[in-house]
1. Let me confirm something: among ASP114, ASP108, which residue is in the same structural domain as LEU27 (by TED's automatic domain parsing) and either without any contact (Cβ under 8 Å) to a residue 40 or more places away in the chain or under 30 Å from CYS332 (Cα atoms) (or both)?
2. Would you be able to say whether some residue in segment 451-464 is at pLDDT 95 or above and of a type in the set (Lys, Arg)?
3. Test of understanding: among GLU291, GLU306, GLU276, which residue is touching a strand residue (DSSP E or B) at 6+ places or on another chain (Cβ under 8 Å), of a type in the set (Asp, Glu) and farther than 16 Å from CYS332 by Cβ?
4. Give segment 165-198 a look and list any residue that's in contact (Cβ under 8 Å) with a residue 60 or more places away in the chain and in contact with a Gly (Cβ under 7 Å, 6 or more places away or on another chain), or say none.
5. What number goes with the only condition from (1) among the β-branched types (Val, Ile, Thr); (2) touching a Pro at 6+ places or on another chain (Cβ under 8 Å); (3) in a loop (DSSP other than H, G, I, E, B) that VAL82 does not pass?
6. Within 25 Å of GLU426 (Cα to Cα) and not in a strand (DSSP E or B): which single residue out of GLY372, GLY350, GLY341 fits that description?
7. Note down all Cβ pairs under 9 Å where the first residue falls in segment 330-351 and is not assigned by TED's automatic domain parsing to the domain that holds ASN268, the second is not in a strand (DSSP E or B), and they're at least six residues apart or on different chains.
Amino acid sequence: MKKRCLLTLMIVLLTCMAFAQVKPIVLGDRHAMLKLTQDSRYLLLPVQETEDIASIAVLDNYNNMVQRINVKLSIDRVDYYVPFEIRGTALLDIEWQGDRRQKGAVGDFVCWKDMKYSNEFDTTNREKFRPAYHHTPLYGWMNDPNGMFYKDGVWHLYFQYNPYGSQWENMTWGHSTSKDLVHWEAQPAAIEMDWLGSIFSGSCVTNGNDVVAFYTSAGHHQTQSMAVSKDGGRTFEKYSGNPILTTSDIPDFRDPKAFWNEDAKVWNLILAAGQEMRIYSSKDLKEWTYESSFGKEYGNHSGVWECPDLFPLTQTTKQPNNQTTKKWVLLCNINPGGPFGGSATQYFIGQFDGKKFTCESMPKVTKWLDYGKDHYATVSFYNAPENRRVVLAWMSNWQYANQVPTKQYRSANSIPRDLGIFQYGEETYVSVVPSKEMLAVRGQKVKKPTETCEIVVDVKNQTEIILSNTKGEEVVMRYDTTKQTFKMDRTKSGDVSFSEAFPCETKAPTYGQIKQLRIFVDRCSIEAFDADGKMAMTNLVFPSEPYNTIKVNGGKATIYQIEN
């Protein structure tokens, strides 16, 4: 009996510790401090997304500031919680931005009542729109894919990550790994903010047993930094000589993409600088020499150029004698300026000699990698097997990414895609097909669409495909062989109320005839591909219930369940 009573008392005490109300030290109408008094792993911070940012200085036992984070602490309601890992923290010095007088006294804010000490943080999914076979963060905000590489049978995906809220802030490199490009395992954050700034986008290369990361340090100015991993990309040590690249002539100077150039026998690096790309070379990955710039008057310049990539692709022509031609592709993500507003990925094709990229098209020619609304920050994996060029994109759009109807997390990546090149008329284009790993998860045939399926449509000259549900919500796709166009209309797809920019119809050129479409549906997204790779279109959707009916006019559909 005594043991049972003692056990009951311990449970009660632990419960009280976990949910004891914290007591702030209020110092003004915008300022408070919080002493951390319990020996727990986390302090669970309540977030209210419509509120102003609270800037939190994290102090250790000696009053040294070891970190600064920005969190939208709850004022009068709680949208969700995010974990702050205490790790020896003694004091949080909290200052709110904006005028607090309209919000009541700081000491009465809901956040103090609802903050909790805990040794665990529940990441169990609470979102009906979370994709089943697309990569998402367990919680928090995600945007650009970063530093992707393949090594020892494992695909590594880093990404722009906010661990302290599901909107953009506190940029850190999150990290996930996969053995099949479909099923992803969350890893601890790989590279965290420091006094040079937030950790913006970048890349990784493998150099012997080391993994070397290049990223933008986004402080008062944007500079480029380096970090090295000795354990296969799990943890990184920042280079003592950072920053390794700086500039004084432009504020937007970011997103370094490094790679080994086998032809020139040098390391190359390309990064975005305003509305151009700058190319560098190096023998040791530490000292970089500026070689050239590309972009003036070429392609679309309606927004800032970001997240470049530069790589070779080969094309084999049947005549004469299966001749192989190698061309270089420069990916250039732009925001705004996409074909249907907001962010998108354009590209250029030409030649690169290790110093200068020469585009083969006329300057005003603009080519888009994907003609949907939700395909951005596309970059490729370094060292992919079989000489494949595998890419992932951020599946959202800066016009509404912070407002999409999820809270536990925001944003997913596209399915993996393999790139090639093809000729149409006088121009060369990049082909885009779902990676072969997507065939491995194709399950049994089903009669009706499900929330996670692949729909293969054999099309005729004029084909209309309507996905719908019992709520009257629908997505309409139309292929017109005469006009050589493919369209997708999501104006009645479900919840479109969170942004005026969301309801739309997108249209893509098909560069010839389409014989078969592959359409991937996954809870909040539809990705449509010409099976031969000449067209890709990615759009988000938020139906109140899954689309469970399909109507095809001018074609035949086969539906496969996706096994996840």
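The values are calculated or read from the model by the stated rules, or taken from the named source; none is laboratory data. Given the structure is predicted, the values throughout are model-derived calculations rather than measurements. For neighbour counting, all protein chains shown are included, and Cβ atoms are generated from backbone atoms with ideal geometry for every residue, glycine included.
1. On the way: ASP114 fails: either without any contact (Cβ under 8 Å) to a residue 40 or more places away in the chain or under 30 Å from CYS332 (Cα atoms) (or both).
Result of the check over ASP114, ASP108: ASP108.
2. No: zero hits.
3. Details: GLU306 fails: farther than 16 Å from CYS332 by Cβ; GLU276 fails: farther than 16 Å from CYS332 by Cβ.
One residue alone meets the criteria, GLU291.
4. Within segment 165-198, GLY165, SER166 meet the criteria.
5. With (1) among the β-branched types (Val, Ile, Thr); (2) touching a Pro at 6+ places or on another chain (Cβ under 8 Å); (3) in a loop (DSSP other than H, G, I, E, B) applied to VAL82, the lone miss is (3).
6. Numbers: GLY350 fails: not in a strand (DSSP E or B); GLY341 fails: within 25 Å of GLU426 (Cα to Cα).
Exactly one of GLY372, GLY350, GLY341 is within 25 Å of GLU426 (Cα to Cα) and not in a strand (DSSP E or B), namely GLY372.
7. Final answer for the pair search is none.
Each row is one residue, and each column tells you yes or no for (1) among the small types (Gly, Ala, Ser); (2) outside any strand (DSSP E or B).
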{"residue": "ALA189", "(1), (2)": "yes, no"}
{"residue": "THR235", "(1), (2)": "no, yes"}
{"residue": "PRO251", "(1), (2)": "no, yes"}
{"residue": "TRP260", "(1), (2)": "no, no"}
{"residue": "LEU269", "(1), (2)": "no, no"}
